[in-house]
Amino acid sequence: MSNQFDAPFIAIEGPIGVGKTSLATKLSEYFQYAILKEIVDENPFLSKFYEDIHEWSFQTEMFFLCNRFKQLEDTYDHYLSKGYPVISDYHIFKNHLFAKQTLKEQHFDKYDRIYNILTNDLPMPNIIIYLHANLPTLLDRIKQRGRTMEQSIEPDYLKQLSADYHQFMKEHHRVYPHIPVLWLNGDELDFIEKDEDFQRIIDQVKTALLNKRTLF
């Protein structure tokens, strides 16, 4: 598989509850791009993970890694390699963030080796949208959407995850120097209820696509 393809690939990232899937859905409908959604509910270990993070972290993270590897491989084969643009509500690099926070050192070393092998030639997004929000906003949205398994998420875990995301995005240019990141404040933008806020996001995405047009 090659990382070179002639189509926009936009990945939306951010902590749990920030609104990634909602934004990906609206943007895919507006631009008429295919949408890739992460599969969460099929993970048989996730509910146990939220109840006891350290006990079930390795099983949970390995399931997500293998599942998302297959999703991105299929996305390349069926869409990107054929020139069809895609918007995703995640990218697989998030797995490394989660794993680094939750896994014991000996488990993380094993995970890291497998992660590097699997992701070596996966398609990378050519634009990342980073959607962030403060902890009260995230907790409120998790409560509102009502996924039973998420109601037991510890605020400290979510707070640390948000901090890890923020730090990674601040330093992303050292890891992925060729991928621009659009920073969106989820506390200030209501792209679901306010058309003007969604239009502001559309304008930023269009500008980013125009600036990256030599890739497509």
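Among the listed residues Ile201, Ile179, Ile192, Ile127, identify the single one that is among the aliphatic types (A, V, I, L, M), farther than 30 Å from Pro44 by Cβ and more than 18 Å from the chain's Cα centre (by Cα). Reasoning before the result, please.
Working: Ile201 fails: more than 18 Å from the chain's Cα centre (by Cα); Ile179 fails: more than 18 Å from the chain's Cα centre (by Cα); Ile127 fails: more than 18 Å from the chain's Cα centre (by Cα).
After applying the criteria, what remains is Ile192.
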| query | Restricting the first residue to the range 78-96 and requiring it to be in contact (Cβ under 8 Å) with a residue 24 or more places away in the chain and among the polar types (S, T, N, Q), which pairs with a second residue that is buried (at least 19 other Cβ atoms within 10 Å of the Cβ) and part of a helix (DSSP H, G or I) meet a Cβ separation below 8 Å and a spacing of at least six or different chains? | reply | Ser88/Ala24; Ser88/Thr75; Asn95/Glu61; Asn95/Phe64; Asn95/Leu65; Asn95/Arg68; Asn95/Tyr115
| What do you reckon, is Leu23 touching a residue at least 60 places away in the same chain (Cβ under 8 Å), under 18 Å from Leu184 (Cβ atoms) and in contact with a helix residue (DSSP H, G or I) (Cβ under 9 Å, 6 or more places away or on another chain)? | yes
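Sort through Phe49, Phe58, Phe98, Phe63 and tell me the only one that's assigned to a helix (DSSP H, G or I), within 25 Å of Gln160 (Cβ to Cβ), within 13 Å of the chain's Cα centre (by Cα) and not polar (S, T, N, Q). Show your work before the answer.
Working: Phe49 fails: within 13 Å of the chain's Cα centre (by Cα); Phe58 fails: within 13 Å of the chain's Cα centre (by Cα); Phe63 fails: within 13 Å of the chain's Cα centre (by Cα).
Just a single option satisfies the conditions, and that option is Phe98.
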| query | Counting just the residues of the range 76-91 that are under 19 Å from Lys20 (Cβ atoms) and crowded, with 22+ Cβ neighbours inside 10 Å, which one comes out nearest to the chain's Cα centre (by Cα)? | reply | Tyr90
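We did not get these values from a lab; they are worked out from the coordinates using the rules stated. Computed from a prediction, not measured in an experiment: that's the story for all the values here. Cβ coordinates were reconstructed from backbone atoms using ideal geometry, including for glycine residues, and neighbour counts include every protein chain displayed.
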